[in-house]
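A.B. asks: The structure is given below, and queries will be raised subsequently.
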Amino acid sequence: DAGVTQSPTHLIKTRGQQVTLRCSPKSGHDTVSWYQQALGQGPQFIFQYYEEEERQRGNFPDRFSGHQFPNYSSELNVNALLLGDSALYLCASSLVSSTGAFFGQGTRLTVV
Amino acid sequence: DAKTTQPTSMDCAEGRAANLPCNHSTISGNEYVYWYRQIHSQGPQYIIHGLKNNETNEMASLIITEDRKSSTLILPHATLRDTAVYYCIVRPINTDKLIFGTGTRLQVFP
């Protein structure tokens with residue numbers, strides 16, 4: 001079992017550009033959540049996808065959007081990148097209403 | 001905002017028990033207590049969770065006070081590989097959303 005896999009591992013983008021990050025959940029999991037972790041801070045919840053729909057959303061602007069595919073994999077899209085979007089982006093997968101979420105290793109996004 | 005309070009940092013000697021406290025005085029009856037840890041540059045790792053009763057697994061033990069307003073995570077025999085940031089999280093039963101605080105940085109020394 002490969003666990004939760006994220007790609008790419010590192011990414012450098014310029015202000016104003018758009019970025020897409022990808023996540024494959026742990027085998028058997030149907031729910032994917034995305035988190036943003038700034039340096040020195042705990043992860044902050046962005047949103048969660050289940051059955052290809054956004055089920056919950058944190059306090060993030062509409063520039064942050066996502067998608068879940070029929071195979072449960074997910075994408076996080078960020079438009080009009082700001083310097084403050086530089087962070088580690090984490091994907092977590094779980095079974096709906098289960099008791100534990102498994103995290104990937106994250107994508108380190110640097111906006112210059 | 002995070003609903004838990006944890007010390008910023010703690011030290012523990014290798015081989016000794018590490019006891020990490022967490023205060024969650026506003027917890028409600030339908031909220032779990034979860035613990036995760038994050039080793040440098042990796043994603044958070046699930047450790048243990050509980051609702052009312054004490055819990056134990058292969059990684060740790062979770063002691064929840066009777067009034068549920070605080071808990072302690074116990075790593076019975078800390079190793080150098082247990083050096084990490086430990087997050088105590090209160091999670092409602094009906095949601096998968098995790099609200100992280102800043103956690104406790106545990107340093108295990110030889």
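A.B. asks: From the C-alpha gyration tensor of chain B, pull out the three semi-axes of the equivalent ellipsoid (sqrt of 5λ each), sorted largest to smallest, in whole Å. Write down the numbers at each step before the final one.
C.D. replies: Working: eigenvalues 100, 43, 29 Å².
They are 22, 15, 12 Å, listed from largest to smallest.
A.B. asks: Another one. Taking θ as phi - 60°, what are the ³J(HN,Hα) couplings along the stretch A:55-66 by the Karplus curve (6.51, -1.76, 1.60), each to the nearest whole Hz, with x for Gly and Pro?
C.D. replies: 9, 9, 9, x, 8, 10, x, 5, 4, 9, 9, x
A.B. asks: Hey, another quick one. Using a 1.4 Å probe over the heavy atoms of the protein chains, calculate the carbon and sulfur portion of the accessible area of chain A as a whole percent. Write out the running numbers ahead of the final one.
C.D. replies: On the way: 2660 of 5350 Å².
Here carbon and sulfur together make up 50 percent of the probe-accessible area.
A.B. asks: Provide the solvent-accessible area of A:Leu39, counting protein heavy atoms only and rolling a 1.4 Å probe, rounded to the nearest 10 Å².
C.D. replies: Roll a 1.4 Å probe over it and A:Leu39 shows about 150 Å².
A.B. asks: Quick check on chain B: of the DSSP beta bridges with both residues there, what percent are antiparallel, nearest 5%? The partial results should precede the final answer.
C.D. replies: Details: 29 of 34 bridges.
DSSP beta bridges in chain B are roughly 85 percent antiparallel.
A.B. asks: For the residue pair A:Ser27 and A:His10, what label-to-label distance in nm results when each label sits 7 Å from Cα along the Cα-to-beta-carbon direction?
C.D. replies: About 3.1 nm separates the two model spin labels.
A.B. asks: Using a 10 Å cut-off around each Cβ of peptide B:35-42, what is the average number of partner chain Cβ atoms that fall inside?
C.D. replies: Average per residue, whole number: 3.
A.B. asks: Could I ask something else about it? Whole number please: convex hull volume per residue of the Cα set in chain A, in Å³?
C.D. replies: Values: hull volume 10.6 nm³, N = 112.
In chain A, the Cα hull volume divided by residue count equals 95 Å³.
A.B. asks: Starting from 0.36 nm per residue, how many nanometres of slack lie between A:Gln17 and A:His67 once their C-alpha separation is accounted for? Could you put the intermediate results ahead of the total?
C.D. replies: Working: separation 50, 0.36 × 50 = 18.00 nm, distance 1.88 nm.
Gain on stretching A:Gln17 to A:His67: 16.1 nm.
A.B. asks: Long-range amide H contacts for A:Arg55: which residues qualify at under 5 Å (H placed 1.01 Å from N, peptide plane, sequence gap of 5 or more or a different chain)?
C.D. replies: A:Gln48, A:Tyr49, A:Tyr50
A.B. asks: For the stretch A:72-85, just list the computed ³J(HN,Hα) in residue order, Karplus coefficients 6.51, -1.76 and 1.60, θ = phi - 60°, integers in Hz, with x standing in for Gly and Pro.
C.D. replies: Whole-Hz 3J(HN,Hα) from phi for the stretch A:72-85: 6, 5, 9, 10, 10, 10, 10, 9, 6, 4, 10, 4, x, 7.
A.B. asks: May I pose another question? Kindly list the residues of the stretch B:47-63 that lie in the label zone of B:Thr79, defined by a backbone N under 18 Å from the point 7 Å along the Cα-to-C-beta vector.
C.D. replies: B:47-48, B:57-61
A.B. asks: Hey, another quick one. State to the nearest 20 debye the size of the charge dipole of the protein assembly as shown about its Cα centre, where the only charges are +1 on K and R beta carbons and -1 on D and E beta carbons. Write out the running numbers ahead of the final one.
C.D. replies: Working: 18 positive and 19 negative charges, 99 e Å.
That gives the protein assembly as shown a dipole magnitude of about 480 debye.
A.B. asks: Over chain B, what is the relative contact order in whole percent, taking alpha-carbon pairs under 8 Å and six or more residues apart?
C.D. replies: Details: 268 pairs, mean separation 41.7, N = 110.
Dividing the mean separation by the residue count of chain B yields 38 percent.
A.B. asks: Mind listing the long-range amide H neighbours of B:Ile48? Cut-off is under 5 Å, sequence gap 5 or more, other chains count too, H placed in the peptide plane at 1.01 Å from N.
C.D. replies: Amide H to amide H, under 5 Å and 5 or more residues apart or across chains, B:Ile48 pairs with B:Trp35.
A.B. asks: Right, something else. Going 7 Å from the Cα of B:Arg16 in the Cα-to-Cβ direction, what parts of the stretch B:82-110 have a backbone nitrogen less than 19 Å from that spot?
C.D. replies: Taking a point 7 Å out along Cα→Cβ of B:Arg16, the residues of the stretch B:82-110 whose backbone N falls under 19 Å are B:82-86, B:104-110.
A.B. asks: If you take the square roots of the eigenvalues of the alpha-carbon gyration tensor of the protein assembly as shown and sort them as a ≥ b ≥ c, do you get rounded (a/c under 1.5), prolate (a/b over b/c) or oblate?
C.D. replies: Details: a/c = 1.87, a/b = 1.51, b/c = 1.24.
Note, shape of the protein assembly as shown comes out prolate.
A.B. asks: Using each residue's phi in the stretch A:24-31, evaluate 6.51 cos²θ - 1.76 cosθ + 1.60 at θ = phi - 60° and report the 3J(HN,Hα) Karplus result to the nearest Hz, with x for Gly and Pro.
C.D. replies: In residue order, the calculated couplings are 10, x, 4, 3, x, 8, 10, 10 Hz.
The values are calculated or read from the model by the stated rules, or taken from the named source; none is laboratory data. Everything numeric in this text was worked out from a predicted model, so none of it was measured. Using ideal geometry, Cβ is built from the backbone for each residue, glycine included, and neighbour counts are taken over all protein chains shown. We work out accessible area using only protein heavy atoms, side chains counted, and drop any ligands, DNA or RNA first. Shrake-Rupley method; radii C 1.70, N 1.55, O 1.52, S 1.80 Å.
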